[in-house]
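For reference, the structure is listed below as structure tokens.
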Amino acid sequence: MTPPAPPLRHSWIVTDLDGTLVDRDLRIVPRSARALRRYQDMGGTVVIATGRNEVSAGRYHRELGLRTPLIVYNGARVVDPLTGERLLDLDLGASWEALRDDLVPGLPEGVGAVAFTGEDAHVLREAPSLAAYAGRDRIELREDPVRRAPTKVMLIADRPGLGPLARLAARHCPDARLLQSEDTYLEILPGAAGKEVAVRRLADRAGIPMKRVAAIGDNPNDTAMVRAAGLGAAVGDGHKEVRAAADVVVGPCGLGAVADLVELVIDGSGP
């Protein structure tokens with residue numbers, strides 16, 4: 001009789017989507033998908049944490065057959081896809097007026113702005129870069145006005161180098177949280193938002209200590225989550241900031257970065 005497998009040291013894996021689990025062709029890397037299914041078969045829990053909204057991220061959640069809450073908008077919202085219940089739902093509140101009236105009109109040429117409310121994306125400032133962004137995330141950009149404080153605002157530049165843009169945003173919205181989610185994406189979020197905040201909240205709700213959580217990401221918006229996890233992993237071709245914060249650096253996204261992490265967790269060879 002085969003003895004039962006020992007319990008997983010890290011019973012949760014929290015994964016970013018783009019550049020981590022999802023490759024440049026916008027598909028889940030097959031090797032990583034197979035590894036996550038094996039991990040679930042062994043009793044592990046998989047949670048997605050992404051900057052996308054629930055509509056854009058939902059197709060990946062369904063493809064993996066997950067029933068876990070979905071962390072979206074970089075932790076500003078947590079949704080139970082089975083019931084539609086929002087377990088966490090923050091907005092930009094008092095930062096919105098200054099952002100809308102002062103920051104957006106003064107953005108440099110070539111920088112677009114999109115506000116997210118509910119499941120909708122509204123154009124605040126048009127730019128050529130917006131079409132590529134909407135196509136990648138498979139979202140429809142609306143032209144109608146934003147009626148209330150949004151969950152987040154995305155600034156999309158036409159070239160890398162977000163330092164000046166971040167300084168401009170910080171000057172106008174000092175209480176907001178600024179995160180870089182791609183080389184040309186600067187996200188303006190509620191000050192209390194963050195993937196690591198949402199993961200801690202969900203883990204506490206489930207009675208799981210953070211030392212039993214493994215997390216993986218590739219961009220600066222993942223850094224705090226990777227650092228907070230019991231086992232933090234960085235994608236090998238990810239941003240240097242995340243690699244520096246991680247306990248382990250695995251292979252590149254396209255070769256199965258998430259699968260590498262699963263193997264470390266199953267083998268018990270992680271830190």
So what's the gap between the Cα centers of region 135-212 and region 101-122, to the nearest angstrom?
12 Å
To test your reading of the geometry: what angle, between 0 and 90 degrees and rounded to tens, separates the Cα axis of helix 54-63 from the longest principal axis of the chain?
20 degrees
Using alpha carbons only, how many degrees (0 to 90, rounded to 10) separate the axis of helix 163-172 from the longest principal axis of the chain?
70 degrees
Report, in whole Å, the centroid distance computed from the Cα atoms of region 229-271 and region 33-72.
17 Å
Once amide H atoms are placed 1.01 Å from N in the peptide plane, what residues at a sequence separation of 5 or more from VAL14, or on another chain, have their amide H within under 5 Å of its amide H?
VAL47, ALA214, ALA215, ILE216
Explain nothing, just the number: dipole magnitude of region 114-186 about its Cα centre with +1 on each Lys and Arg Cβ and -1 on each Asp and Glu Cβ, in debye rounded to the nearest 20.
280 debye
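Can you give the % of DSSP beta bridges in the chain that are antiparallel, to the nearest 5?
If I count the DSSP bridges inside the chain, around 60 percent turn out antiparallel.
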To the nearest 20 debye, what is the magnitude of the charge dipole of the chain about its Cα centre, counting +1 on the Cβ of each Lys and Arg and -1 on the Cβ of each Asp and Glu?
700 debye
So which trypsin sites (Lys or Arg not before Pro) in region 40-77 are both in a DSSP loop and have at most 13 other Cβ atoms within 10 Å of their Cβ?
ARG67
Lysines near LYS240 by alpha-carbon distance under 21 Å, same-chain residues fewer than 8 away left out - which ones?
LYS195
Helix 30-41 sits off the longest principal axis of the Cα atoms of the chain, rounded to the nearest 10 on a 0 to 90 degree scale, by 60 degrees
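Here, each number is a calculation from the coordinates, and none is a lab measurement. These figures come from a predicted structure and were not determined experimentally. Note that we place each Cβ from the backbone using ideal geometry, even for glycine, and neighbour counts take in every protein chain shown.
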